[in-house]
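Comments concern the structure below.
The values are calculated or read from the model by the stated rules, or taken from the named source; none is laboratory data. The structure displayed is predicted, hence computed values, not measured ones. When we count neighbours, we look across all protein chains shown, and the Cβ atoms used for this are built from the backbone with ideal geometry, even at glycine.
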Amino acid sequence: MNPKFYLQIPERLEVLKQNLQSCRLCPRNCGVNRLAGQTGYCGVDDQLYCFREMLYCGEEKELCPSHQVYFAGCNMRCEYCSVAEWNQNPLEINGMNMAQIADKIHRRAELGAVTLNLLGGEPAVNAAGILELLWKARPANRLVWNSNMYYNPIVDQAIRGLVDVVLADLKFGCRECAARIADAADYCEVVTDTIAQAAAWSDVIVRHRVLPDHFECCTRPGLEQIAKLGQRVKVSLWFDYIPPIPAKETPAGYVGAEQHQKTIQWAQRLQLRIIQ
Ligand code: SF4
């Protein structure tokens, strides 16, 4: 975490807490009072529900070893989500309390974690709890905001400068797929803006997990949008999609060699800064 911004956490936290009284952290704009225990689309109140933490070496190489900390609650409904079961009833998760998570953060750093990786669910819907955690833990390693980027500018303002790397999950490239697969019709316009905002102050890695048979509708236009941001943004392409069972709106198969090759060629043609 960038220590220069550490002292700004209490003020930023106050702004987030005021917002939680009628929550508009993300484009769902639920307007519920999360401080009073109400929940909206993401299903979380004002507490953190950590369902998993671990040291992991499968992220982009420059982020590893990475201490992943998963917080329940998400504002999207991707049908192929690998942690969906944890996001269905976040309040029922009996996870670690804040002091225990802070302790884990220090222990994992001692074990060699070069990054603290905040993910979920979606960290944006947990932004207030996460800032409180950072204030308590004061982590010394680099901070990764591992997000679907589907949030309002208030979240960008809260994490600006504190976070070292924004790991932006670019899921879809068109309105139809975002609506059908993840119940987020406005996903593309929102995410294009939040990634551009993040690129103005942070290192940004855009991670695109390729969906089988979604080259023309998602990969091609999605990468074109990212190319407009120039070389400042790194791009990480993933071909490890696993179909859910049952697959209703999402592809039932895997990414084939032809689509794999076409994606790489398209990324090279756009002169994207590809990393692994
Ligand atoms: S963060 Fe949750 S409660 Fe707040 S607007 Fe988004 S989905 Fe609704």
Can you run down the residue pairs with Cβ atoms below 7 Å, 6 or more apart or on separate chains, where the first is in the range 117-141 and part of a loop (DSSP other than H, G, I, E, B) and the partner is surrounded by 24 or more Cβ atoms within 10 Å (Cβ to Cβ) and modelled with pLDDT under 95? G121/N87
Of the residues that sit in the range 14-23 and are touching a residue at least 12 places away in the same chain (Cβ under 8 Å) and farther than 17 Å from P90 by Cβ, which one is nearest to the ligand (Cβ to nearest atom)? N19
Counted residues in the range 177-194 being among the aliphatic types (A, V, I, L, M), surrounded by fewer than 21 Cβ atoms within 10 Å (Cβ to Cβ) and either part of a loop (DSSP other than H, G, I, E, B) or within 17 Å of the chain's Cα centre (by Cα) (or both) come to 2
Residues being of a type in the set (V, I, T) and either within 16 Å of the ligand (Cβ to nearest atom) or farther than 20 Å from V204 by Cα (or both): count how many of those fall in the range 108-150. 2
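Mind listing whichever residues of the range 248-259 are out of contact with any Pro (no Cβ under 8 Å at 6 or more places or on another chain) and exposed (fewer than 14 other Cβ atoms within 10 Å of the Cβ)?
Looking only at the range 248-259, we keep the residues that are out of contact with any Pro (no Cβ under 8 Å at 6 or more places or on another chain), and these are 248-249, 257-258.
Listed by number, the residues that qualify are K248, A257, E258.
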When residues of the range 24-34 are filtered for being under 18 Å from M149 (Cβ atoms) and near the ligand (Cβ under 6 Å from one of its atoms), how many remain? 5
Within the range 35-44, track down each residue that is touching a residue at least 24 places away in the same chain (Cβ under 8 Å) and either within 6 Å of the ligand (Cβ to nearest atom) or not in a loop (DSSP other than H, G, I, E, B) (or both). Y41, C42
Could you tell me whether any residue of the range 63-75 is part of a loop (DSSP other than H, G, I, E, B), more than 16 Å from the ligand (Cβ to nearest atom), closer than 18 Å to V144 by Cβ and at pLDDT 95 or above? yes
